[in-house]
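What follows is a single structure, written as structure tokens, with notes after it.
No lab work stands behind these numbers, since they all come straight from the coordinates. Everything quoted here is computed from the prediction, not taken from an experiment. With ideal geometry, Cβ positions are generated from the backbone for all residues, glycine too; neighbour counts draw on all protein chains shown.
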Amino acid sequence: MHYQKKHLFIISIMLFLFSFKTMAQKDYKLWLQYDKKTNAELVSKYFKDVQGIVSLGNTETSKIASNELQLGLQNMLGKDIQVNSKIEGDKNIIIGSKAFLSLEIQKEIGNFEVINDEGFIIKSISIKNKNYIVITAKKDVGVLYGVYNFLRLIQTDKSIKNLNIADAPKTNIRILNHWDNLDRTVERGYAGFSLWNWQKLPGFIDQRYIDYARANASVGINGTVLTNVNANALILTPQYLEKVEALANVFRPYGIKVYLTARFSAPIEIGGLKTADPKDADVANWWKNKAAEIYKRIPDFGGFLVKANSEGQPGPQNYGRDHVDGANMLADAVAPFGGVIMWRAFVYSEHDANDRAKQAYAEFVPYDGKFKDNVIVQVKNGAIDFQPREPFHPMFGAMPKTPLMMEFQITQEYLGFSTHLVFLPKLFQEVLASDTYQKGKGTTVAKVIDGSLTKTKLTGIAGVSNIGNDLNWTGHPFAQANWYGFGRLAWNPELDSEVIADEWLRCTFSNEENFIKPVKDMMIESREAVVNYMTPLGLHHIMDTGHHYGPGPWVSNLSRPEWNPTYYHKADKNGIGFDRSKTGTNATSQYAPEVEKIFDNLETCPEQDLLWFHHVSWDYKLKNGQTLWNGLALKYQEGVNQVKDMQNTWNKTEKYVDADRFKEVQMLLEIQYKEAKWWRDACLLYFQQYSGKDLPAGVEKPTQSLEYFKSLKFPFAPGN
Ligand code: BDP
């Protein structure tokens, strides 16, 4: 008996460990699940069309490509797939860059000039009555991208008959910005600690580094800034550069370049100089030597990302110089090696409290055309700071002679951390599709940043990473979709977010239509839900202080006026909202006249941006006939209802999803629902003090007092 019990105990422990392992694997595998196909009809089709792989390259990258193709096909089709180096037999998939293809095959492929250096071509061809699918490119990394694209066709149940695909990225720098500190904390990180284990590097190469590179490559991300924009100069010392080099070696075959943040005062802090003045010859030399030292270790080092004279970071202004002086000095240091400087435009002055939204434009637009060729100015999507909704940043329509790159935030600093399900590609797409009217109708933000408008060669999109060392990488299983979607949009800024959601769901969970349809709708709606329960009708930056967790519209005691939520909503007895129109700060004048007119006029200003641009009375009539107060309250309620709907949708998916991820998302949605109600109640109680009006019918009564909400404190909220 005793023996049996012990036995049972051991078995149950083993089962537990096993289930733990499968859970970890499911979550960990992201959108590269390569689940075995269950649709018999499809399987037999794929089965017939895929006999083996012919891999023609011989680099590390081409090995990665053929291994990936083999792994994906074997798993999804459930059969052995051989990799050969010679073209024999029928129905093989040939992979290799142009240089490795016979002239006969090259002729079948046609014009390689339809793609750029990172693009790929996938084509079904037949030679001497034999059928092949060729995945080719100008370079090996293009072949790798082609392989992921081909696998995605099968992952998403698409046909692989008569393929003729040519695709290439529209931007050159598709990059993650890690706000990771050397002590492994992550600024605004909600998925654990930093992936980079500096202590064990360079000797210990964590499998995660390889899997990270693979995941990025699978969506076309080709760069990573390893360190926080609030930079530490130590990363530029030999002790750390050796570790950076080790990571660069891991990432290289996946087509990923490493970049670092440069602390402007590094020449003083680690160089022993007395100044960091960009016009000082010793300083310029110090950076030149530093660049040479880095490139000696990492010949394909990408360059530097710089946050200067922003939120207390050092910069050229400390020496009476300007952003152009600083950026161009660094640009000269990396130029001989082909490096770039990504200079951030996220600045707002502590001496001008008039309107923070105007400051980056005011400071940077006069510099248009003055930066060196290898400088790209990195601009956040909106003029304040990664809010649930912001109108597009006016700088995108105002610097035609300067390469501008987009900075999105994938980590959800202002959108519920990694607890709330919010599908960000919907937000990204809204910004990218906004019309700047820079050169007439149709000059969208996407066209500005992909260079098609200005013909600039240097183009890019950055995303502040949401990745940490959590088992599932991003904290929330659905936050993986934001990493995925960021990559897809960086590749093609005109991609539709619904297509992205569809792809991601199929690759990550299931191809069942009964699952896809409702869950895709839920994802698409999730962005509007968070806007509704946090900051409807153009409200912004009313999160609690410092950590930005939860509502804090009452906060008014911070040292800088523009750090206070009260500065942004300006609620008083007369109404609410920030008047940025002609009668106010005139921030609207920073847009092209066509856009300015729309935003400036109360009648034409989209209601979603109303309180961003206008201060309106509580009785102001909205388009649906409601007063502003009632409309605002109803929006908060709508946000809560939307989360309830998300819960209902998810609860019906149990049979399509593995138990662990199902449960995880279920628990997270429950927290999101509670927090949505918290947002609604706290904000409405606070604003009600000014409106003096009752809640309209249909809005649930708060169960706690305003004092209670104000008393909540979160000294250990993550990411701060
Ligand atoms: C703000 C964050 C802060 C960042 C800053 C930045 O709160 O942690 O350092 O942006 O982008 O959103 O530099």
Open item on the list: Using the Cα centre of the chain as origin and beta-carbon charges of +1 (Lys, Arg) and -1 (Asp, Glu), tell me which of Ala587, Ile135, Thr653 is placed farthest towards the positive end of the dipole.
Closed with: Ile135
- [ ] Beyond 21 Å between alpha-carbons counts as too far, so tell me which of Lys170/Lys401; Lys570/Lys644; Lys279/Lys372; Lys45/Lys123 fall in that bin.
- [x] Lys570/Lys644
Task: Cβ charges +1 (Lys, Arg) and -1 (Asp, Glu), total dipole of the range 40-167, debye - done: 300 debye
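Under unit Cβ charges (Lys, Arg +1; Asp, Glu -1), what dipole magnitude, rounded to 20 debye, does the range 584-694 have relative to its Cα centre? Numbers along the way, then the final one.
Details: 13 positive and 17 negative charges, 71 e Å.
It works out to roughly 340 debye.
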Open item on the list: Modelling each spin label as a point 7 Å along the Cα-to-Cβ direction, I'd like the Lys455/Ser85 distance in nm, to one decimal.
Closed with: 4.6 nm
Open item on the list: Using Cα-Cα distances under 8 Å and only pairs 6 or more residues apart, what relative contact order does the chain have, in percent?
Closed with: 11 percent
Task: Cβ-based charge dipole, the range 117-246, positive-most Cα from Tyr209, Gln199, Gly146 - done: Gly146
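If you rank Asp300, Asp435 by fewest surrounding Cβ atoms within 10 Å, what's the result? Walk me through the numbers on the way to the answer.
Numbers: Asp300 14, Asp435 18.
Sorted ascending by nearby Cβ count, the order is Asp300, Asp435.
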TODO: Mind running the shape call on the range 427-532? Use the C-alpha gyration tensor, a ≥ b ≥ c as the square roots of the eigenvalues: rounded below 1.5 for a/c, prolate if a/b tops b/c, oblate otherwise.
DONE: prolate
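Sorted by packing (mean other beta-carbon atoms within 10 Å per residue), highest first, where do 159-165, 647-653 land?
Per-residue mean Cβ counts within 10 Å order the peptides as 647-653, 159-165.
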TODO: Please sort 376-383, 210-217 by packing, taking for each peptide the average over its residues of neighbouring beta carbons within 10 angstrom, highest first.
DONE: 376-383, 210-217
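May I ask you to derive the FRET efficiency for Ser126 and Glu498 from their Cβ-Cβ distance with R0 = 35 Å, giving the value to the nearest 0.05? Don't jump to the answer; show the numbers that get you there.
Numbers: r = 35 Å, r/R0 = 1.00.
E(calc), rounded to 0.05, equals 0.50.
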Open item on the list: Which entries of Lys441/Lys597; Lys48/Lys107; Lys36/Lys655; Lys29/Lys517; Lys426/Lys701 have Cα-Cα distances beyond 21 Å here?
Closed with: Lys48/Lys107; Lys29/Lys517; Lys426/Lys701
Open item on the list: Is the C-alpha gyration tensor of the range 619-720 telling us rounded, prolate or oblate? Criteria: a/c under 1.5 is rounded; beyond that, a/b larger than b/c is prolate, otherwise oblate.
Closed with: oblate
Task: About the Cα centre, charge dipole magnitude for the chain (Lys/Arg +1, Asp/Glu -1 at Cβ), debye - done: 1440 debye
Open item on the list: Can you tell me the length gained on complete extension of the stretch Asn164 to Phe714, counting 0.36 nm per residue apart and subtracting the Cα distance?
Closed with: 192.5 nm
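Return Glu60, Glu513, Glu607 ranked ascending by Cβ neighbour count within 10 Å, so the fewest neighbours appear first. It would help to have the intermediate numbers written out before the result.
On the way: Glu60 12, Glu513 9, Glu607 15.
Exposure proxy ranking, most exposed first: Glu513, Glu60, Glu607.
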Task: Mean-position separation - Cα centroids, the range 260-292 and the range 436-457, in angstrom - done: 35 Å
- [ ] State, as an integer percentage, the relative contact order of the range 461-506 based on alpha-carbon contacts under 8 Å between residues 6 or more apart.
- [x] 30 percent
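With a ≥ b ≥ c the root eigenvalues of the C-alpha gyration tensor of the range 40-167, is it rounded (a/c under 1.5), prolate (a/b larger than b/c) or oblate?
Numbers: a/c = 1.43, a/b = 1.34, b/c = 1.06.
Cα axes put the range 40-167 in the rounded bin.
Going by average Cβ neighbours within 10 Å, how do the peptides 694-702, 445-453, 710-718 rank, with the highest at the top?
Numbers: 694-702: 13.6, 445-453: 22.4, 710-718: 12.0.
Top to bottom by mean Cβ count within 10 Å: 445-453, 694-702, 710-718.
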Task: Gln626 paired with Asp157, simple spin-label distance in nm, labels 7 Å along Cα-to-beta-carbon - done: 3.8 nm
TODO: List every DSSP H helix in the chain whose Cα atoms extend 30 Å or more along the helix's own long axis and whose mean Kyte-Doolittle hydropathy is at least 0.0.
DONE: 2-28
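Which value does Rg/Rh take for the range 86-147 over its C-alpha atoms, Rh per Kirkwood? Please report the intermediate quantities before stating the final value.
Working: Rg = 10.8 Å, Rh = 11.5 Å.
My calculation of the ratio gives 0.94.
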- [ ] Go ahead and estimate [θ] at 222 nm for the chain from helices alone: -39,500 (n - 2.57) per DSSP H run with n ≥ 4, summed, over the residue count, rounded to 500.
- [x] -12500 deg cm²/dmol
